[in-house]
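What follows is a structure written as structure tokens; I'll ask about it next.
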Amino acid sequence: MKGSVGGEVAEAPAGPPPPLEWKFSQVFGERTAGEEVQEVDIISAIEFDKSGDHLATGDRGGRVVLFERTDTKEQVGSRRELERVDYPVSRHPEFRYKTEFQSHEPEFDYLKSLEIEEKINKIRWCQTANGALFLLSTNDKTIKYWKVQEKKVKKISEMNIDPSKVAGNGSVASSSLCSSPKQCLANGGCGDKAYSSLSNDLSFPPEGIPSLRLPMVTSNETSLLARCRRVYAHAHDYHINSISNNSDGETFISADDLRINLWNLEISNQSFNIVDVKPSNMEDLTEVITSAEFHPTHCNTLAYSSSKGSVRLIDLRQSALCDSHSKLFEEQEAPGSRSFFTEIIASISDIKFAKDGRYILSRDYMTLKLWDINMDSGPVSTFQVHEYLRPKLCDLYENDSIFDKFECCLSGDGSRVATGSYSNLFRVFGCAAGSTEATTLEASKNPMRRQVQTPSRPSRSLGSSLTRVVRRGADNAGVDANGNSFDFTTKLLHLAWHPTENSIACAAANSLYMYYA
């Protein structure tokens with residue numbers, strides 16, 4: 001580097017951020033060797049709240065489990081004291097179990113002779129108020145609005161009654177007034193006549209009470225109470241695949257295969273149908289809605305994806321029924337590449353807006369695609385996730401794995417994206433200009449165990465895929481470049497990125513794994 005006039009050194013252009021080194025943080029619900037996983041315990045939804053201080057998971061048994069962050073609460077001291085600290089606090093997010101509740105129960109639709117599973121499809125956090133947490137959870141047909149709040153329970157002691165007869169909530173167990181059917185006198189003695197006008201809920205000792213003790217409040221214990229505030233039902237003929245909160249804090253959308261409905265959080269008996277792709281003749285149906293999400297800051301804008309691999313942006317200001325999109329994002333297929341599996345693997349399973357709303361991340365079976373909402377000619381980046389599985393599409397079709405719906409997520413700063421794969425693996429890609437970051441991690445206590453080295457001179461500058469390296473080793477059915485066998489029954493479908501830090505939570509069957517970098 002040559003020095004410029006005046007002895008100053010010319011600055012080199014800033015390159016892409018270096019790849020992150022991921023470390024294991026925590027695991028909840030870890031399985032012991034040989035332990036069988038119960039179907040109802042398998043995690044089916046993960047979601048951080050906007051602050052990143054709370055994490056919610058839903059499972060196939062209809063339960064919602066909440067976790068709260070613990071490492072931030074330990075930093076005591078005034079703001080001035082914290083500002084005096086001249087070194088960064090290198091703590092990674094740590095969570096602890098907070099509470100759980102049964103959100104949905106199995107139901108039966110007698111009109112359609114249809115069983116409705118209790119499985120939680122999606123969870124979305126709502127705005128907090130007065131120290132209470134609010135969230136939406138949905139199964140295939142019904143959305144519920146939950147309020148989770150701490151309640152103080154006062155415990156009373158120093159009563160004039162037999163403590164063995166006191167129930168846990170401070171009420172008194174039923175017993176006779178005296179040990180003998182005699183009247184209790186003021187001094188604690190007993191008369192001969194039964195005194196039936198007194199309540200028979202109290203038990204006094206036969207020898208009387210030497211002194212009167214006033215009840216005392218000994219402790220204020222807090223317990224968490226989850227209460228269902230609203231139930232939004234009977235609005236979807238098909239299975240709900242998405243719910244998404246609006247930035248206005250008042251409305252949300254729910255999407256099924258053919259329709260998207262707009263709800264007000266306070267009104268549970270009425271919704272507005274804003275997108276309807278159902279044709280007049282169902283034989284003309286060519287695509288279905290697979291995912292939908294509101295723009296993070298523009299309350300009039302939302303995006304939805306389809307089974308044909310397209311993402312549509314719609315503006316609620318255009319018309320009441322938004323059947324016509326304002327923008328369409330799709331990639332034209334290469335000529336001569338069409339096959340029986342083309343449409344199946346093009347189907348988008350999940351879309352997410354970046355935090356600033358500028359980019360949309362979409363996940364289809366083979367790839368992750370990053371779209372700029374100002375550029376509808378094609379994706380700005382494509383990350384190969386399952387390219388090594390292309391020779392095995394017939395097998396994947398036979399065992400239905402080709403229909404697996406993998407989720408995707410973006411980091412809070414928008415510089416990285418992540419998605420899951422088989423064998424409990426997940427992938428992290430750098431999407432900054434010039435980045436070649438492509439990391440494969442395993443959902444275990446040793447996440448780098450299955451790491452495949454990225455080539456030193458990748459052929460692509462953006463989103464160079466790790467799977468390109470493992471392709472050779474994938475010639476043998478279910479074996480990657482490291483000689484590890486791929487297990488299509490262990491799939492990592494659900495994961496979420498912390499909104500402000502490099503921390504990922506992911507679900508491997510009934511276990512919740514957390515990593516940080």
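The values are calculated or read from the model by the stated rules, or taken from the named source; none is laboratory data. Everything numeric in this text was worked out from a predicted model, so none of it was measured. A quick note on method: Cβ atoms are made from the backbone with ideal geometry, for glycine too, and the neighbour counts reach across all protein chains shown. Accessible surface is based on the protein model in full, side chains and every heavy atom, while ligands, DNA and RNA are left aside. Shrake-Rupley method; radii C 1.70, N 1.55, O 1.52, S 1.80 Å.
Find out how many positive minus negative residues lie around LEU20, taking Lys and Arg as positive, Asp and Glu as negative, among other residues whose Cβ is under 15 Å from that of LEU20.
Working: positive: LYS23, ARG416, ARG427; negative: GLU21, ASP413, GLU437, GLU501.
Net local charge, LEU20 excluded: -1.
A further question on this structure: Using label points projected 7 Å from each Cα along Cα→Cβ, tell me how many nm separate ALA433 and ARG317, to one decimal.
Rounded to a tenth, the inter-label distance reads 3.0 nm.
Starting from the range 286-348, pick out the GluC sites (Glu not before Pro) whose DSSP state is loop and whose Cβ has at most 12 other Cβ atoms within 10 Å. Don't skip to the answer; put the middle values down first.
On the way: sites: GLU287, GLU293, GLU330, GLU331, GLU333, GLU343; in loops: GLU287, GLU330, GLU331, GLU333.
Those that pass, being in a loop and sparsely packed, are GLU333.
Suppose each label sits 7 Å from its Cα in the direction of the beta carbon; what would the LEU111-ALA129 distance come out to in nanometres?
3.1
Taking the square root of 5 times each eigenvalue of the Cα gyration tensor, what semi-axes in Å does the equivalent ellipsoid of the range 311-386 have, largest first? Don't jump to the answer; show the numbers that get you there.
Details: eigenvalues 113, 49, 26 Å².
Ellipsoid half-lengths, sorted descending, are 24, 16, 11 Å.
Using the Cβ atoms and a cut-off under 11 Å, what net charge is assigned to the surroundings of ILE314, where Lys and Arg are +1 and Asp and Glu are -1?
On the way: positive: ARG312, ARG317, LYS327; negative: ASP315, ASP323.
Net charge in that neighbourhood comes out at +1.
When all protein chains stay in place, what accessible area (Å², nearest 10, 1.4 Å probe) is found for LEU225?
90
Excluding ligands and nucleic acids, what accessible area in Å² is computed for VAL40 using a 1.4 Å probe, to the nearest 10?
The value for VAL40 is about 60 Å².
How big is the shadow of the Cα convex hull of the range 208-356, averaged over all directions, in nm²? Provide the component values of the computation, followed by the final result.
Numbers: hull surface 68.5 nm².
Average projection, Cα convex hull of the range 208-356: 17.1 nm².
Using only the alpha carbons of the range 237-305, what is the convex hull's orientation-averaged projected area in square nanometres? It would help to have the intermediate numbers written out before the result.
Working: hull surface 19.3 nm².
For the range 237-305, averaging the hull's shadow over all directions gives 4.8 nm².
With a cap of 14 neighbouring Cβ atoms within 10 Å, and only residues DSSP puts in a loop, list the chymotrypsin sites (Phe, Trp or Tyr not before Pro) found in the range 254-316. Display every interim value, and only then the final one.
On the way: sites: TRP263, PHE272, PHE294, TYR304; in loops: none.
Sparse-neighbourhood loop chymotrypsin sites (Phe, Trp or Tyr not before Pro): none present.
Then there's this: Would you please put 410-416, 391-397 in order of how densely packed they are, using the mean number of other Cβ atoms within 10 angstrom per residue and starting with the highest?
Working: 410-416: 19.4, 391-397: 15.7.
Going from most to least packed, we get 410-416, 391-397.
Next question. When the Karplus curve 6.51 cos²θ - 1.76 cosθ + 1.60 is applied with θ = phi - 60°, which whole-Hz ³J(HN,Hα) does each residue of the range 56-66 get, with x for Gly and Pro?
Couplings: 10, 10, x, 10, 6, x, x, 8, 10, 10, 10 Hz.
As a quick test, which of the pairs LYS50/LYS119; LYS405/LYS491; LYS112/LYS141 have an alpha carbon distance above 18 angstrom in this structure? Before the final figure, lay out the partial values.
Details: LYS50/LYS119 24 Å; LYS405/LYS491 10 Å; LYS112/LYS141 13 Å.
Violating the 18 Å limit, Cα to Cα: LYS50/LYS119.
Express the C-alpha Rg of the range 388-447 as a ratio against the empirical globular expectation 2.2 N^0.38 Å, rounded to two decimals. Mind showing how you got there, number by number?
On the way: Rg = 13.9 Å, N = 60, 2.2 N^0.38 = 10.4 Å.
Against the empirical 2.2 N^0.38 Å value, I get 1.33 for the range 388-447.
Determine, from the Cβ-Cβ distance of SER326 and GLU207 and an R0 of 60 Å, the FRET efficiency 1/(1 + (r/R0)^6), rounded to the nearest 0.05. Intermediate results must be reported in sequence, preceding the final value.
Working: r = 86 Å, r/R0 = 1.43.
According to the calculation, E is roughly 0.10.
Counting only other residues whose beta carbon sits under 11 Å from that of LEU370, what net charge do I get with K and R as +1, D and E as -1? All intermediate terms of the calculation are to be shown ahead of the outcome.
Values: positive: LYS352, ARG358, ARG363, LYS369, ARG416; negative: ASP372.
Residues close to LEU370 contribute a combined charge of +4.
Calculate the spin-label point distance for ALA33 paired with MET375, positioning each point 7 Å from the Cα along the beta-carbon direction, and give it in nanometres.
It works out to 5.1 nm between the two label points.
Which whole-number percent of Cα pairs in the range 232-272 have a distance greater than 13 Å?
Working: 385 of 820 pairs.
Cα-Cα pairs in the range 232-272 separated by more than 13 Å: 47 percent.
While we're on this one: Find the Cα radius of gyration of the range 275-416, compare it with 2.2 N^0.38 Å by division, and give the number to two decimals. Walk me through the numbers before you get to the answer.
Details: Rg = 15.6 Å, N = 142, 2.2 N^0.38 = 14.5 Å.
Against the compact-globule rule of thumb, the ratio is 1.08.
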